[in-house]
Amino acid sequence: AKTHHHDFTVQATKVKRLCKTHNSITVNGMFPGPTLEVKNGDTLVVKVVNRARYNVTIHWHGIRQMRTGWADGPEFVTQCPIRPGGSYTYRFTIEGTRRNTLGWHAHSSWLRATVYGALIIHPREGSSYSFSKPKRETPILLGEWWDTNPIDVVREATRTGAAPNISDAYTINGQPGDLFNCSSKDTTIVPIDSGETNLLRVINAALNQPLFFTIANHKFTVVGADASYLKPFTTSVIMLGPGQTTDVLISGDQLPGRYYMAARAYQSAQNAPFDNTTTTAILEYKSVLCPAKCTKKPFMPPLPAYNDTATVTAFSRSFRSPRKVEVPTDIDENLFFTIGLGLNNCPKNFRARRCQGPNGTRFTASMNMVSFVFFKASLLQAYKQKIPGVFTTDFPAKPQVKFDYTGNVSRSLFQPARGTKLYKLKYGSRVQIVLQDTSIVTPENHPIHLHGYDFYIIAEGFGNFNPKTDKSKFNLVDPPMRNTVAVPVNGWAVIRFVADNPGVWLMHCHLDVHITWGLAMAFLVEEGIGILQSVEPPPADLPIC
Ligand code: C2O
């Protein structure tokens with residue numbers, strides 16, 4: 001195994017998109033950021049130097065950080081942010097179970113809008129992929145671009161209590177594509193040769209938008225997601241929530257020429273603002289001289305409608321592990337978390353301009369009616385060094401009030417309590433969580449990400465989860481393993497994992513606007529016996545708050 005050293009300088013860089021130049025926050029002046037390539041078992045040492053005027057942290061999304069929670073990255077959870085002028089070195093191992101594709105991104109305010117990149121994991125020496133080695137491999141980073149400073153967008157939303165401005169374009173490898181006049185000459189080109197296979201490592205790095213992705217005339221063979229292998233299946237369209245990755249093979253089996261690849265918004269929230277524009281890139285055949293017909297404009301592949309939940313369901317239900325797996329049984333912790341938005345009544349001492357949500361309210365969000373507060377301290381440090389007064393461990397295992405989660409509910413349920421509440425898990429406990437979407441304000445497909453763990457998604461469905469009848473839907477044979485589950489709109493998903501990684505681990509909706517509103521909670525997984533069940537001591541350069 002090798003140790004890879006990298007320097008990440010976080011800095012303001014001039015980036016031109018949609019005909020305007022912005023001072024964007026980047027890593028090493030690159031947008032998207034640098035691609036990291038490692039092998040299973042390698043160690044990454046990344047020194048982050050903050051030359052920007054914002055606080056920053058970096059998260060290695062999908063790396064478990066066994067005992068090394070200090071390197072996980074979410075600000076005010078496992079570390080205090082790196083302040084302007086400061087630096088911090090992230091040091092961690094790539095677990096042998098990671099396959100293919102993950103991403104890294106900033107985990108501080110909305111910096112993730114421009115601070116993200118691919119993390120590619122190759123099989124270790126002497127081992128190989130579960131599929132035959134493709135001739136080419138191409139990271140495809142789906143993103144979201146604001147024609148203003150994204151940090152100002154979230155600050156304005158926090159000030160007014162209203163929904164933030166939606167982005168001005170989606171992007172593929174940082175480019176909006178040729179449907180936007182201004183950017184067309186910079187459209188991303190992805191090469192392929194006739195007869196060859198190209199592995200596309202698709203990463204949804206968009207801030208707030210689940211996206212469909214498809215290529216004209218080409219079918220995908222899906223071989224993995226979130227750094228785990230899948231039983232291969234074919235489809236012409238995939239859907240990724242923010243934070244999710246999907247590995248697909250395509251073959252150069254079409255007439256040589258140019259074909260559009262495109263991503264478009266999926267979000268069935270009828271009342272929520274959404275942007276139905278589409279971003280494009282070009283798949284271009286390389287090795288054969290282009291016949292006359294390929295000089296024609298490439299045609300647009302059919303894309304599902306923004307509310308096409310049926311396509312999303314058919315896609316996610318095709319997910320299987322390649323073989324029988326050991327799903328945890330004899331569950332110790334049977335948890336039920338509601339996930340949804342809310343609208344806070346405006347406090348009396350607030351000015352009207354701070355209450356610009358629907359009907360003079362402020363947007364909020366919660367799990368089990370607790371809206372997470374990012375207390376200005378490292379929760380992991382507070383646990384490890386027994387600093388009192390930072391968090392409480394009374395996060396509820398079940399909703400305090402039962403209601404029809406997918407129906408119209410009373411206004412009192414629109415107002416979650418605020419708190420930095422953790423849920424305590426004994427080392428090694430076997431955990432099941434039912435994640436239930438609520439229709440408070442609006443039903444929505446929420447990508448729920450758990451730090452420090454992968455989990456099996458053993459079932460998903462629509463309506464209210466019913467513990468008696470829905471048990472029959474559990475797949476305890478070959479469910480897929482992921483780190484982010486797209487919980488169906490107006491529905492639920494059930495996940496299972498073993499709490500074998502001590503530390504404080506955030507679980508949150510990967511739509512950043514929802515984290516801003518408090519759609520998060522954290523687990524405190526207690527240390528077990530002996531050094532192998534304990535969190536390592538904190539690194540000397542850990543930032544302080
Ligand atoms: Cu990819 Cu907590 O995030």
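The values are calculated or read from the model by the stated rules, or taken from the named source; none is laboratory data. Bear in mind that the values here come from a model prediction, so they are computed numbers and not experimental data. We place every Cβ from the backbone using ideal geometry, glycine too, and count neighbours over all the protein chains shown.
What single numbered condition from (1) surrounded by fewer than 15 Cβ atoms within 10 Å (Cβ to Cβ); (2) within 16 Å of the ligand (Cβ to nearest atom); (3) of a type in the set (Val, Ile, Thr) fails to hold for VAL477?
(2)
Can you pull out every residue in the range 504-545 that is over 29 Å from GLN415 (Cβ atoms) and not in a loop (DSSP other than H, G, I, E, B)?
VAL525, ILE531, LEU532, GLN533, listed by residue number.
Would you point out the residue of the range 48-64, among those that are in a strand (DSSP E or B) and closer than 20 Å to ALA225 by Cα, that is nearest to the ligand (Cβ to nearest atom)?
For the range 48-64, the residue satisfying everything is HIS61.
Check THR101 against each of (1) β-branched (Val, Ile, Thr); (2) surrounded by fewer than 24 Cβ atoms within 10 Å (Cβ to Cβ); (3) assigned to a strand (DSSP E or B) and name the one condition it does not meet.
(2)
Residues are listed down the side, and each one gets a yes or a no for (1) more than 25 Å from the chain's Cα centre (by Cα); (2) surrounded by 15 or more Cβ atoms within 10 Å (Cβ to Cβ):
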| residue | (1), (2) |
| --- | --- |
| ALA377 | no, yes |
| ALA382 | yes, yes |
| PRO388 | yes, no |
| THR406 | no, yes |
| GLN436 | no, yes |
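Mind checking which pairs have a first residue in the range 77-106 that is free of Cβ contacts under 8 Å to residues at least 40 places away in the same chain and a second that is more than 16 Å from the ligand (Cβ to nearest atom), Cβ under 6 Å, 6 or more apart or different chains?
That search, which allows pairs on different chains as well, returns PRO84/ASN50; PRO84/ARG53.
Check off (1) touching a residue at least 24 places away in the same chain (Cβ under 8 Å); (2) more than 16 Å from the ligand (Cβ to nearest atom); (3) assigned to a loop (DSSP other than H, G, I, E, B); (4) surrounded by fewer than 24 Cβ atoms within 10 Å (Cβ to Cβ) for SER109 and give me the number that stays unchecked.
In the conditions (1) touching a residue at least 24 places away in the same chain (Cβ under 8 Å); (2) more than 16 Å from the ligand (Cβ to nearest atom); (3) assigned to a loop (DSSP other than H, G, I, E, B); (4) surrounded by fewer than 24 Cβ atoms within 10 Å (Cβ to Cβ), SER109 misses (2) alone.
Go through the range 165-174 residue by residue and tally those that are part of a strand (DSSP E or B) and of a type in the set (S, T, N, Q).
1
Can GLU125 be described as within 21 Å of the chain's Cα centre (by Cα), away from the ligand (no atom under 16 Å from the Cβ), surrounded by fewer than 24 Cβ atoms within 10 Å (Cβ to Cβ) and of a type in the set (Asp, Glu)?
Answer is no for this residue.
Considering (1) touching a Pro at 6+ places or on another chain (Cβ under 6 Å); (2) within 16 Å of the ligand (Cβ to nearest atom), say which one VAL489 fails and leave the rest.
Condition (2) is where VAL489 drops out.
Filter the range 175-215 down to the residues that are crowded, with 17+ Cβ neighbours inside 10 Å and in a helix (DSSP H, G or I) and list them by number.
Within the range 175-215, just SER183 meets the criteria.
Whether any residue in the range 499-521 is surrounded by fewer than 21 Cβ atoms within 10 Å (Cβ to Cβ), farther than 15 Å from PHE76 by Cβ, of a type outside the set (D, E, K, R) and away from the ligand (no atom under 16 Å from the Cβ) is what I want to check.
For the range 499-521, residues surrounded by fewer than 21 Cβ atoms within 10 Å (Cβ to Cβ), farther than 15 Å from PHE76 by Cβ, of a type outside the set (D, E, K, R) and away from the ligand (no atom under 16 Å from the Cβ): absent.
Scan the range 230-256 residue by residue and report those that are in a strand (DSSP E or B), farther than 14 Å from THR214 by Cβ and not hydrophobic (A, V, I, L, M, F, W, C).
The answer is LYS231, PRO232, THR245, ASP247, SER251.
Could you list, in sequence order, the residues of the range 112-128 that are in contact (Cβ under 8 Å) with a residue 12 or more places away in the chain and not charged (D, E, K, R)?
The answer is ALA113, THR114, VAL115, TYR116, GLY117, ALA118, LEU119, ILE120, ILE121, HIS122, PRO123, SER127.
Residue by residue, here is whether (1) outside the structural domain of ASP7 (by TED's automatic domain parsing); (2) among the basic types (Lys, Arg); (3) closer than 27 Å to ILE531 by Cα holds:
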site	(1), (2), (3)
ARG67	no, yes, yes
ALA71	no, no, yes
GLN79	no, no, yes
GLU95	no, no, yes
TRP104	no, no, no
SER109	no, no, no
TYR116	no, no, no
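Out of THR138, THR160, report the one residue that is touching a helix residue (DSSP H, G or I) at 6+ places or on another chain (Cβ under 9 Å), among the polar types (S, T, N, Q), at pLDDT 95 or above and in the same structural domain as GLY252 (by TED's automatic domain parsing).
Matching residue, one of THR138, THR160: THR160.
Taking interchain pairs and intrachain pairs at least six residues apart, which have beta carbon atoms under 9 angstrom, with the first residue in the range 55-66 and under 12 Å from ARG91 (Cα atoms) and the second more than 10 Å from the ligand (Cβ to nearest atom) and among the basic types (Lys, Arg)?
Note: pairs meeting the criteria are ILE63/ARG98.
Being within 13 Å of the ligand (Cβ to nearest atom), within 19 Å of the chain's Cα centre (by Cα) and not hydroxyl-bearing (Ser, Thr, Tyr) is the filter here, so list the residues in the range 65-105 that pass it.
Result: GLN65, GLY69, ASP72, GLY73, PRO74, GLU75, PHE76, VAL77, LEU102, GLY103, TRP104, HIS105.
Please go through (1) over 22 Å from GLY96 (Cα atoms); (2) hydroxyl-bearing (Ser, Thr, Tyr); (3) touching a residue at least 40 places away in the same chain (Cβ under 8 Å) for SER228 and return the number of the only condition it doesn't satisfy.
(1)
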